Amino acid sequence: MTKLSYIFSINFFVVLFTGAVSDPDLATLLRYSHCLLLTSDHEGFGIPPLEAMEDLVPVIAKGVGAVPDTVGGGGIVLPGDAGPCLFAEAVARLLSDKNLRNDLVLAGLEHVDSFDAADRSFDVVELLQDAFR
C-alpha cells in the first residue's frame, strides 16, 4: 500500500487520507470502510462511487457534476457547496443509524445493477482514440 498521508481516529473509527492507491489496495480499503466520502468540487461521471456501492459501501458526496446521477439512491448527496461540517453530520448520521446504512447499501446495489456492464467497463483507450481523431 502506498504511504498514508494521515491516519487519525474519531470515536473508535479510523479515518484514512490516502494518496493514490493500487487497485488491490483500493478493494481492501473499500471492504473495510463504513462509507466513501467524495469531497471533490468538480467531478465527472465517477467510477469510485459505483465501485463503493458494488462493495456494499454507502457514499457521501457533494452534488456536483454527474455525481447525483452516479450515486443515485446509494448514498447521501450533499449540496455542492457542502463543507466539513455537513460531511461530519452525514457521517455521524450514517454511523449511528443502521437502518439508514442498510437502506443505502440496498439502494446502491440496485442502482449499480441499473447500469449495463458495458457502461461500466468501457475501453478507455478506444475512448481516448475517438477523442483525438
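Any read-out appearing in this document is the output of simple, stated calculations on the displayed coordinates, not a laboratory observation. Since this is a predicted model, take the numbers as computed values, not measurements. With ideal geometry, Cβ positions are generated from the backbone for all residues, glycine too; neighbour counts draw on all protein chains shown.
Can you put 17, 132, 115 in order of Cβ neighbours within 10 angstrom, beginning with the fewest? Walk me through the numbers before you get to the answer.
Numbers: 17 9, 132 5, 115 14.
So the ranking, lowest neighbour count to highest, is 132, 17, 115.
Using label points projected 7 Å from each Cα along Cα→Cβ, tell me how many nm separate residue 99 and residue 32, to one decimal.
Distance between label points: 3.1 nm.
Test of understanding: ordering 111, 42, 34 by Cβ neighbours within 10 Å, fewest first, what list do you get? It would help to have the intermediate numbers written out before the result.
On the way: 111 22, 42 9, 34 12.
Fewest to most other Cβ atoms nearby, the residues stand as 42, 34, 111.
Counting other C-beta atoms within 10 Å, which of 112, 21 has the fewest, and how do the rest follow?
21, 112
Report the full-extension gain for the segment residue 42 to residue 66: residue separation times 0.36 nm, less the Cα-Cα distance, to one decimal in nm. List each step's numbers first, then the result.
Numbers: separation 24, 0.36 × 24 = 8.64 nm, distance 0.93 nm.
So the chain would gain 7.7 nm between residue 42 and residue 66.
Between region 20-37 and region 54-106, what is the C-alpha centre distance in whole Å?
16
Work out, step by step, the length gained on full extension between residue 16 and residue 86: first 0.36 nm times the residue separation, then minus their alpha carbon distance; give nm to one decimal.
23.4 nm
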